[in-house]
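The values are calculated or read from the model by the stated rules, or taken from the named source; none is laboratory data. Quantities reported herein were computed from a predicted structural model and do not represent experimental measurements. All Cβ positions, even for glycine, are placed from backbone atoms using ideal geometry, and neighbour counts span all protein chains on display.
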Amino acid sequence: QAKSEGKRQYRFFSPEMNGRARARLMLESNVRKAVSEKELRLYYQPQIYLDSGRLRGFEALMRWQQPQAGLIQPSLFIPILEETGLIHAIGPWLHESAAHQFRQWRSQHHETFVMSLNVSALQFGSAKLIDELQRVLELTGIDEPWLEIEVTESALIDNVEFAQQQLQQLRDLGVRIAIDDFGTGYSSLAYLRELPIDTVKIDRSFTASMFESNKDAVIVQTIVELGRRLQMEVVAEGVETEAQLQWLRELGCDIAQGYWFSRPQPPEEFPFPYGPFRLPASTATE
Ligand code: C2E
Ligand code: MG
Ligand code: MG
Ligand code: MG
């Protein structure tokens, strides 16, 4: 008893405790309040077709606007939402919020585009996901395949049979399926054959180092080729420079997303209708 008291004190007052650990304690104690007081919100980042510069869609990315600490990134608080189970409470609300945003933007944009939602392994494993997304689709009442979910390889390979059923039900609802952070999980290429996948997102670690590492360049090129041959769309994540953009276009990558186009921003920052982007001239005549 005394010993565990002592430990707890050490945990709170250790001068060696780093900023991250302190932040975590603050987050843990405030996360419930964040949910109840609606401090969580969605930012959006555009995805652009590399042939036309037109808008392909937006990825919705969660942010926590904490009154004292400011804007907190999801890598810090999503694990806590998951450990506490609060992710199941916040998920439906966020999905609804993205759906409302899509509906509003769609009414201002002359052609359809996609809204991508991240679904963690825990959320993907939930039996309620299908009902929840169906509700969101009905709520919006837009009869186009506009909703996409992003899942990671690890969420799928935990239980391939379950994943197969879950994805097929989503497909039947008209939801598109993207594999996020492709190439970083313990991937088995067999799941690309067995699962109904529309889109592959090349992890941004490959995009970031493709000019420094010949291996990364080959991996990017191979994923683009694989996507083309399997008739899946390929999105390159983390495009920050014009050189990256140019090279991805030359490879025939379909879509890009990254700071070069826009950082994730609150919805009011986007002018609508959005795009088309003027892409660098030298490859415009392809
Ligand atoms: P992700 O889905 O792979 O999202 C892409 C991440 O890359 C985002 O980080 C985005 O801000 C960042 N990014 C985009 N373009 C660039 C770029 O050009 N350069 C660099 N350096 N970074 C770029 P973010 O917003 O911090 O999100 C991190 C992760 O948190 C996401 O990775 C996703 O796995 C998770 N996440 C975010 N929102 C949600 C959500 O609503 N639900 C769930 N379950 N997970 C979420
Ligand atoms: Mg994502
Ligand atoms: Mg990703
Ligand atoms: Mg990522």
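Here are some notes:
- Qualifying positions in region 48-92 - within 26 Å of Val175 (Cβ to Cβ), loosely packed, with under 14 Cβ neighbours inside 10 Å and under 15 Å from the mean Cα position of the chain (by Cα): Ser75
- Helices (runs of 4 or more DSSP H) enclosed by region 121-225 - at least 1 residues per element that are among the charged types (D, E, K, R) and within 16 Å of ligand 2 (Cβ to nearest atom): 153-157, 204-209
- Filtered residues of region 185-208 (kept if more than 12 Å from ligand 1 (Cβ to nearest atom) and among the hydroxyl-bearing types (Ser, Thr, Tyr)): Tyr186, Ser187, Ser188, Tyr191, Thr199
- In the set Ile142, Ile223, only one residue is more than 24 Å from Thr112 (Cβ to Cβ), in contact with a helix residue (DSSP H, G or I) (Cβ under 9 Å, 6 or more places away or on another chain) and surrounded by 15 or more Cβ atoms within 10 Å (Cβ to Cβ); that residue is Ile223.
- Qualifying residue in region 60-76 (condition: assigned to a loop (DSSP other than H, G, I, E, B), modelled with pLDDT of 90 or more, under 23 Å from Val151 (Cβ atoms) and not small (Gly, Ala, Ser)): yes
- Residues of region 82-118 satisfying the condition of being in a strand (DSSP E or B) and touching a Gly at 6+ places or on another chain (Cβ under 7 Å): Val114, Met115, Ser116
- Residue count for region 226-262, restricted to those that are away from ligand 2 (no atom under 14 Å from the Cβ), part of a loop (DSSP other than H, G, I, E, B) and not β-branched (Val, Ile, Thr): 11
- On inspection, Gln123 does not qualify as surrounded by fewer than 14 Cβ atoms within 10 Å (Cβ to Cβ) and within 16 Å of ligand 4 (Cβ to nearest atom).
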